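For reference, the structure is listed below as structure tokens.
The values are calculated or read from the model by the stated rules, or taken from the named source; none is laboratory data. In this text, all values refer to a predicted model and were calculated from it rather than measured experimentally. Virtual Cβ from ideal backbone geometry, glycine too; neighbours counted across all protein chains shown.
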Amino acid sequence: MGFVSIATGSVRFSGVVRKCVRYQFEEGKIRRVGGSSEITVDARVIAASNRDLQQLARDGEFREDLYHRLNLLHVRIPPLRERKADIMPLVEHLGRRLASRYQIDDYRVSELGKKQILNHEWPGNMRELAHEVERSIILGDPENAEFSSIGPGAGGQSIETGEGADDWLNPGWEFPEDGIDLEAAIDRLIDCAIDSVGGNVTKAARKLRVQRDYIRYRKKKREERD
């Protein structure tokens with residue numbers, strides 16, 4: 001319960017609602033798990049969940065008493081698939097922020113990219129959207145961004161590779177039990193960045209947020225290894 005005690009005098013946002021929370025909201029007291037004494041706190045809690053807590057409480061999968069303690073004011077934020085008009089402004093905002101992080105002057109979405117964005121259902125909501133925007137900057141052309149991994153004909157294929165679900169550039173890829181060749185993966189990512197900027201090592205280094213000398217070192221090391 002350390003996160004509650006340090007929130008005294010402020011507002012605490014919890015992105016994960018825990019079943020084991022023992023916080024007396026009305027009295028403003030907490031009791032640490034395993035503890036016997038109560039600690040007074042002065043805090044407000046904002047909790048969020050991507051599941052229907054009311055239904056979970058009815059089904060016995062979430063503590064009903066905790067649900068009612070949390071549910072003083074209920075605000076439902078619709079998923080992205082229900083807010084089509086908000087998606088492109090969000091993409092533009094994320095694109096500008098991420099472009100600045102990667103030291104890229106401009107970020108623009110192509111007409112095809114806009115269609116790909118608006119036709120997607122976004123089951124992963126904002127996290128998925130942010131990852132797709134960042135992927136379009138790192139592996140594509142940030143001044144004419146497209147989203148081939150979610151667009152028509154993607155079919156679970158990886159970006160610019162034609163590989164299937166066992167390819168680590170595929171958004172649905174899962175880490176294999178026997179691991180991967182990290183050296184080969186780094187080399188491949190460097191090649192993708194260089195190809196995306198027409199062979200310009202300086203721009204590729206900027207995309208990868210590394211020094212040019214690092215890319216040269218990796219290429220020399222690969223030649224020696226081969």
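Taken over region 206-226, the criterion of being in contact (Cβ under 8 Å) with a residue 12 or more places away in the chain and surrounded by 12 or more Cβ atoms within 10 Å (Cβ to Cβ) is satisfied by ARG206, LYS207, LEU208, ILE215, ARG216, ARG218, LYS219, ARG222. When you look at ARG63, is it modelled with pLDDT under 85 and not assigned by TED's automatic domain parsing to the domain that holds TRP122, yes or no? For ARG63, the condition - modelled with pLDDT under 85 and not assigned by TED's automatic domain parsing to the domain that holds TRP122 - is not met.
Find the residue count for region 69-126, including only residues that are of a type in the set (Val, Ile, Thr) and touching a residue at least 60 places away in the same chain (Cβ under 8 Å). Outline the logic, then answer.
We begin by selecting, within region 69-126, every residue of a type in the set (Val, Ile, Thr); these are 75, 77, 87, 91, 104, 109, 117.
Adding the requirement that they be touching a residue at least 60 places away in the same chain (Cβ under 8 Å) leaves 104.
Within region 69-126, residues that are of a type in the set (Val, Ile, Thr) and touching a residue at least 60 places away in the same chain (Cβ under 8 Å) number 1.
Within region 55-83, the residues that satisfy the criterion of being in a loop (DSSP other than H, G, I, E, B) and more than 21 Å from ASN125 (Cα to Cα) are ASP59, GLY60, GLU61, PHE62, ARG63, ASN71, LEU72, LEU73.
Among the residues of region 89-128, those that are part of a helix (DSSP H, G or I), farther than 23 Å from VAL197 by Cα and within 14 Å of the chain's Cα centre (by Cα) comprise LEU90, ASN125, MET126, ARG127, GLU128.
Please go through region 123-139 and give me each residue that is among the small types (Gly, Ala, Ser) and touching a Phe, Trp or Tyr at 6+ places or on another chain (Cβ under 8 Å), ordered by number.
Pass one, region 123-139, residues among the small types (Gly, Ala, Ser): 124, 130, 136.
SER136 - this is the single residue of region 123-139 that is among the small types (Gly, Ala, Ser) and touching a Phe, Trp or Tyr at 6+ places or on another chain (Cβ under 8 Å).
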